[in-house]
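The values are calculated or read from the model by the stated rules, or taken from the named source; none is laboratory data. Being a predicted model, the structure only gives us computed values, none of them experimental. Cβ: placed from backbone, ideal geometry, glycine included. Neighbour counts: every protein chain shown. For the accessible areas, the whole protein counts, side chains as well, though only heavy atoms, and no ligand, DNA or RNA atoms are used. Shrake-Rupley method; radii C 1.70, N 1.55, O 1.52, S 1.80 Å.
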Amino acid sequence: MTVESTAARKPRRSAGTKSAASASTTGTKSAASKRAGAAAKKAPETGGEPELVQLLTPEGERVPDATYDPYVADITSEELRGLYRDMVLSRRFDAEATSLQRQGELGLWASMLGQEAAQIGSGRATRDDDYVFPTYREHGVAWCRGVDPTNLLGMFRGVNNGGWDPNSNNFHLYTIVIGSQTLHATGYAMGVAKDGADSAVIAYFGDGASSQGDVLEAFNFGAVYNAPVVFFCQNNQWAISEPTERQMRVPLYQRAQGFGFPGVRVDGNDVLASLAVTRWALERARSSEGPTLVEAFTYRMGAHTTSDDPTKYRADEEREAWEAKDPILRLRTYLEAANHADERFFAELEAESETLGKRVREAVRAMPDPDSLAIFEHAYADGHALVDEERAQFAAYQASFVDEGGK
């Protein structure tokens with residue numbers, strides 16, 4: 001499934017946010033790492049648009065970058081097509097889940113629409129032995145980690161508390177409490193360092209979560225203990241109905257400075273840049289050079305969740321401007337222009353997308369209805385008379401919908 005788009009504005013890019021890869025020297029910072037910290041200190045805001053790391057413009061033009069090109073220099077045509085496939089199929093899954101919620105099959109859904117490049121690029125940068133701590137919107141990252149997409153839906157249907165074994169894919173269960181997973185990730189990373197393992201940890205969160213105390217505590221612990229953790233913030237510019245300018249006075253990635261580690265802002269609608277920057281950050285972590293904050297500057301095209309109405313607080317013109325920077329259309333334009341893919345590939349992918357949509361629909365509708373009385377089971381450890389009364393009242397209410405034929 002693809003998304004049509006109009007001609008796009010071209011975000012500016014400069015070396016202001018760039019950081020160089022660091023050498024794998026344990027216990028000391030390399031010259032490249034020191035340059036990284038210095039380069040990431042300030043990126044000026046110009047013309048209403050932020051300076052950021054970009055390898056692929058909204059028009060699908062490949063632009064060189066001396067710092068980050070080495071991290072995608074070996075990418076093949078097949079891998080480029082794989083990134084495009086990942087984004088298309090994860091968007092189709094996301095759209096199907098949204099439709100299922102509207103049809104009453106799910107209680108709620110948090111869409112990732114518009115954030116595919118940030119998630120797929122960063123997700124494909126991880127290794128199998130890395131550990132990922134998501135929030136509740138990282139459906140594309142889950143796809144990259146090999147989690148069956150239908151397993152993501154059980155929690156939103158109310159039939160389980162997660163649906164997968166975190167240790168099977170090194171992908172933690174979704175976290176609803178805003179920002180708390182960053183502390184879990186930092187603690188896990190500290191353990192990785194003590195074990196001497198050659199792996200890294202990546203924690204995902206949003207711009208709104210970056211204002212939570214848990215996230216700032218994670219930054220501090222990660223820095224003080226030089227933990228091998230990457231803090232990956234998808235700045236989709238809206239914390240539900242609050243824009244970023246009401247949350248912070250400096251660009252989000254600059255928050256890393258106060259904790260003593262580098263911060264980088266990347267074009268979150270550019271899958272190549274997201275891949276390259278995350279590979280660089282994970283390499284720093286594995287080389288005992290501590291945390292990195294990656295701010296993926298992107299946009300939430302849809303609602304915060306299906307219980308939200310973004311038309312009440314967001315202008316249509318803003319959304320339309322970002323639709324012109326659609327990450328999927330951007331990569332498709334590049335694939336076609338550089339002869340990395342042909343019409344047969346796109347046609348086969350469209351068919352695969354339809355198959356996935358059908359599988360997701362069938363899987364959800366085959367799930368059992370949640371036990372409506374289970375919500376009363378663990379309100380108190382030893383039971384409570386009032387809860388017993390409420391359970392009986394609710395059971396009677398539910399039974400009132402059953403007709404004489406038992407249906």
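Val250 meets all of the listed conditions (1) modelled with pLDDT of 95 or more; (2) within 27 Å of Ala66 (Cβ to Cβ) but one, namely (1). Selection of the stretch 113-136 for residues being over 16 Å from Val201 (Cα atoms) and surrounded by fewer than 24 Cβ atoms within 10 Å (Cβ to Cβ) yields Leu113, Tyr136. A single entry from Asp326, Asp371 fulfils the requirement of being of a type outside the set (A, V, I, L, M) and open to solvent by 50 Å² or more (accessible area, probe 1.4 Å): Asp371. Taking the stretch 287-335 as the range and being of a type in the set (S, T, N, Q) and not in a loop (DSSP other than H, G, I, E, B) as the test, the residues that pass are Thr292, Thr311, Thr333. Looking across the stretch 220-278 at every residue that is among the charged types (D, E, K, R) and farther than 21 Å from Ile120 by Cα, the one that is most open to solvent (accessible area, probe 1.4 Å) is identified as Arg249. Hey, which of the helices (runs of 4 or more DSSP H) in the stretch 66-179, taking only ones fully inside, have at least 1 residues that are under 30 Å from Glu320 (Cβ atoms) and in contact with a helix residue (DSSP H, G or I) (Cβ under 9 Å, 6 or more places away or on another chain)? Helices (runs of 4 or more DSSP H) meeting the threshold: 77-102, 116-125, 139-144, 153-157.
Met301 passes every criterion in (1) within 16 Å of the chain's Cα centre (by Cα); (2) open to solvent by less than 10 Å² (accessible area, probe 1.4 Å) apart from (2). If you filter the stretch 179-208 down to residues that are of a type in the set (A, V, I, L, M) and open to solvent by 10 Å² or more (accessible area, probe 1.4 Å), you find that the one that is modelled with the lowest pLDDT is Ala197. For the stretch 311-341, the set of residues classified as farther than 24 Å from Val271 by Cβ and in contact (Cβ under 8 Å) with a residue 12 or more places away in the chain consists of Lys312, Tyr313, Arg314, listed by residue number. Applying the selection to the stretch 137-155, what residues are open to solvent by 20 Å² or more (accessible area, probe 1.4 Å) and more than 22 Å from Val271 (Cβ to Cβ)? Once the filter is applied, which keeps residues that are open to solvent by 20 Å² or more (accessible area, probe 1.4 Å) and more than 22 Å from Val271 (Cβ to Cβ), the stretch 137-155 yields Asp148, Asn151, Met155. Could you tell me whether Arg12 is surrounded by 13 or more Cβ atoms within 10 Å (Cβ to Cβ) and modelled with pLDDT of 50 or more? No, not satisfied.
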